[in-house]
Each structure stands twice: as structure tokens, then as C-alpha cells.
Amino acid sequence: MTAISGSAAAVTGAASGIGRALALELAARGCDLALADRDEAGLQQVAAEIGKAGTREVTTHRVDVGEPAQIQQFANAAIAAHPSLNIVINNAGVALLGAFNEVDQAQMEWLININFWGVVHGIRAFLPQLSKQREAHIVNLSSIFGIIAPPGQTAYCAAKFAVRGFSESLRHELAVANSPVKLSVVHPGGVLTNIVRNSRTGAGITDNARRAESIDRFDAIAKTTPPIAAQRIITGIEKNQPRILIGNDAWFMDLLQRFRPATYWAVLAKRIGRTAEKGK
């Protein structure tokens with residue numbers, strides 16, 4: 001297990017959503033923090049909130065995880081500020097609305113550079129530091145869309161399935177090498193964050209109606225709050241759980257795709273439609 005109290009963690013996407021909730025909960029449990037995000041104002045708000053609650057050491061870093069050089073600079077600065085840093089949480093992510101023929105190549109590459117390559121570059125930058133610690137942990141945020149693949153999410157699913165496969169293979173490599181570094185991959189279901197509201201729209205979409213509909217549907221079916229998601233992730237770190245599902249919806253969808261790996265979508269589409277109608 002990796003103890004939270006007395007540790008130091010780097011968290012990307014820390015200005016809002018699950019990342020913000022993780023920062024607050026980790027600090028409350030005695031963990032120092034290096035917080036990264038593109039939203040500098042949001043980072044300062046989180047740091048100020050932590051400062052009011054206790055005396056944890058918190059540093060903030062403006063980072064675009066789609067830029068490898070910025071990730072390396074973040075790692076260098078975070079390690080310099082927190083020499084015993086032993087937890088890295090690759091949480092930052094973005095969303096993109098549109099079917100494959102509505103999304104251009106540049107948009108797909110933008111999303112995959114952040115959601116997948118941001119994770120890979122983050123681990124390359126921090127792994128030498130983690131490997132020197134007595135106990136250390138990597139947390140990679142995939143998604144329930146790294147287990148199931150609904151229509152309209154080709155880019156997002158491509159990245160999140162990639163995070164899952166990369167994470168599982170790397171975890172096995174670390175175990176074979178008897179590394180002190182443990183790795184958990186996280187599959188949240190619907191969590192009440194602003195990821196859908198902040199999503200980009202495919203270049204081939206010419207109206208706003210579908211975007212509004214997507215936001216309404218997400219709000220209707222997303223039942224887990226960021227603090228609950230953060231608590232579940234931290235429990236997974238403490239217990240060295242290799243796979244962390246968040247929310248009853250994630251558990252259901254995971255089981256369904258195991259029983260109906262090629263035909264789960266017909267069942268899910270009806271279930272999601274009914275849930276969305278009830279939520280109106």
C-alpha cells in the first residue's frame with residue numbers, strides 16, 4: 001500500500017472536477033501537493049482553499065499536458081519543490097462531441113495528445129523519481145469509455161482504451177521488475193464535472209442543438225460527485241487496487257460488456273434513454 005499521510009503528490013487537471021476534489025482530499029489526509037492545470041486562476045483558488053484548512057505544502061504549475069516540454073518542466077519543478085514526491089495522478093482530460101465523420105483529424109489529434117500522450121509523457125517525466133522511493137504510486141484516469149465504446153465518442157474512446165491498455169501493460173512490467181511503483185487505472189462512470197460543458201464540437205457539426213442535448217443527457221445520468229470519486233481513488237491508492245471503477249453505472253456497464261462484449265450497446269442505449277427521460 002501507499003500511505004497518503006506524509007506523501008507528496010503531483011496532480012494534473014487539478015483546477016476543477018475530480019482533480020480539484022483529489023487535491024482537497026489528499027491535502028486533508030496529510031499529503032503535500034504539486035498541482036497542474038492550464039487554468040491558473042482555478043489553481044490559485046484550490047491552493048487558497050487548502051491553505052485555509054491546514055499547513056500542507058502546495059505548489060501550483062501552469063501546464064498544458066498536450067505539450068511534452070511543459071510536462072517535463074512541471075516534473076522538474078514539482079520534484080525540486082517536493083523532493084520526496086511519490087504519487088503521480090494523471091487526471092487531466094478533454095472531450096470532443098461528434099461522430100467520426102464530423103470530427104477532423106486535427107481535432108482527434110488534439111484530444112489524443114492530451115488524453116493519451118499526456119499520460120505517457122507524464123509517466124516518462126516522473127518515473128525516475130518514483131522509482132527511487134520506498135513506496136510510490138501512479139494513477140491514470142481512463143474512463144468507463146475505456147471499457148465500452150458508445151457512438152459519437154470515437155476520439156475519446158480511442159484515447160481512453162489506449163490509457164487502459166498502456167496502464168495494464170506498464171503495471172505488469174513494474175511488477176516483473178519488482179519496482180516499488182504501483183499503478184492503478186481508473187474508470188469513472190458519470191461524474192458531475194464540467195467536461196461535457198467544456199467539450200469541443202466536431203468541425204462537421206453546424207448546430208448547437210446536439211451539444212445542448214448532450215449536456216442535458218449527461219447531467220441527467222451523472223450521479224457521482226467529484227468528492228465521492230476522489231475518495232474512491234484515494235482508497236484505491238491505499239489498497240493498491242489495480243483497477244478502480246467509480247459509480248454504480250460503471251460497475252453495471254463493465255459487467256454488461258463482459259457478458260455481451262459485441263452486443264452491449266443495444267441494451268445500454270435503451271437504459272441510458274430511459275434514465276435521461278426520468279431525469280428531465
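Bear in mind these aren't lab numbers, they're just calculated from the coordinates by the rules spelled out. Since the structure is predicted, the reported quantities are computational estimates derived from the model, not experimental observations. Cβ placement follows ideal geometry from the backbone for every residue including glycine, while neighbour counts extend to all protein chains displayed.
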Cleavage-rule hits, GluC sites (Glu not before Pro), region 129-175, DSSP coil, Cβ neighbours within 10 Å at most 16: Glu135
Distance from region 79-130 to region 183-226 (C-alpha centre basis), Å: 18
Tail fraction, Cα-Cα pairs, the chain, threshold 32 Å, whole percent: 21
Lysine pair number, Cα distance threshold 28 Å (strictly under), region 8-279, separation 8 or more or different chains: 11
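Counting alpha carbon pairs within less than 8 Å and at least 6 residues apart, what relative contact order, in whole percent, applies to region 8-279? Present the calculation step by step, with values, prior to reporting the outcome.
Values: 493 pairs, mean separation 51.0, N = 272.
In percent, rounded to a whole number, it is 19.
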Simple label model, 7 Å out from Cα along Cβ direction - Phe100 to Ser5, nm: 5.2
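Among the trypsin sites (Lys or Arg not before Pro) within region 236-273, which fall in a DSSP loop and have no more than 14 other Cβ atoms within 10 Å of their own Cβ? Mind showing how you got there, number by number?
Numbers: sites: Lys239, Arg243, Arg258, Lys270, Arg271; in loops: Lys239.
Counting only loop positions with at most 14 other Cβ atoms within 10 Å, the trypsin sites (Lys or Arg not before Pro) in region 236-273 are Lys239.
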Hz values of 3J(HN,Hα) by residue in region 83-90 - Karplus curve (6.51, -1.76, 1.60), Gly and Pro given as x: x, 9, 3, 9, 10, 10, 10, 8
Acute angle (nearest 10 degrees) that the helix 264-279 long axis makes with the longest principal axis of the chain, alpha-carbon atoms: 90
Rough spin-label spacing in nm, given labels placed 7 Å along Cα→Cβ, for Gln73 and Asn178: 4.0
16 Å cut-off, amide nitrogen to a point 7 angstrom out along Asn240 Cα→Cβ, residues in region 101-139: 131-139
Table column - 3J(HN,Hα) (Hz), region 128-139, Karplus curve with 6.51, -1.76, 1.60, x for Gly and Pro: x, 5, 5, 5, 8, 8, 5, 9, 8, 8, 10, 10
Helix axis angle, 154-176 relative to the chain longest principal axis, alpha carbon, degrees: 40
